[in-house]
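The values are calculated or read from the model by the stated rules, or taken from the named source; none is laboratory data. Because the structure is predicted, anything quoted here is derived from the model rather than measured. Here the Cβ positions follow ideal geometry from the backbone for every residue, glycine too, while neighbour counts run over all protein chains shown.
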């Protein structure tokens with residue numbers, strides 16, 4: 001298990017390979033469909049993003065409200081392909097990592113390689129368990145979007161698996177090939 005301190009650097013990204021199990025510690029941000037759409041509109045109109053994404057990781061999640069004594073409620077990943085239309089532009093702005101579930105488009109995978117980034121998967125169905133790695137959560141932008149607002153999360157040993165690495169490897173494709181050969 002590799003331990004990584006956030007924010008992510010290009011060197012950290014290029015040292016990761018599809019299939020690596022990683023624990024992230026530090027600050028990351030949440031954003032789902034509505035927040036991505038709004039960020040894209042902001043960039044298209046020449047505006048500044050509400051969060052500087054350079055070196056950052058975005059977790060595709062809409063966390064549920066926290067219960068008393070907890071930093072966050074359930075925090076499981078959402079389907080990443082829903083953000084594919086917006087991802088290349090954010091990678092151009094310096095985004096280094098994304099966390100979600102499911103496959104990415106060829107366009108996104110090419111952008112990951114071009115910008116020396118990485119796509120991680122978090123385990124779907126383990127939202128309550130994942131929430132235990134989140135130490136604090138704070139809304140930092142688009143509060144009107146409710147659970148889809150952008151949150152700043154402080155995480156400790158947040159478990160993920162590298163799916164798409166900066167060399168163009170794809171864990172899902174590797175698994176399919178291995179299954180066919182096996």
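When residues in region 111-134 are screened for being touching a helix residue (DSSP H, G or I) at 6+ places or on another chain (Cβ under 8 Å) and touching a residue at least 24 places away in the same chain (Cβ under 8 Å), 10 of them pass. Where strands (runs of 3 or more DSSP E) fall wholly inside region 1-68, the ranges with 3 or more residues that are in contact with a strand residue (DSSP E or B) (Cβ under 7 Å, 6 or more places away or on another chain) and touching a residue at least 60 places away in the same chain (Cβ under 8 Å) are 21-30.
Checked against (1) closer than 17 Å to residue 165 by Cβ; (2) within 12 Å of the chain's Cα centre (by Cα), residue 115 meets all criteria but (2). Which of the residues spanning region 92-101 are surrounded by fewer than 20 Cβ atoms within 10 Å (Cβ to Cβ) and in contact with a helix residue (DSSP H, G or I) (Cβ under 7 Å, 6 or more places away or on another chain)? Within region 92-101, 101 is the sole residue that qualifies. Residues satisfying the criterion are absent from region 40-53 (criterion: under 21 Å from residue 130 (Cα atoms) and either surrounded by fewer than 17 Cβ atoms within 10 Å (Cβ to Cβ) or at pLDDT below 95 (or both)).
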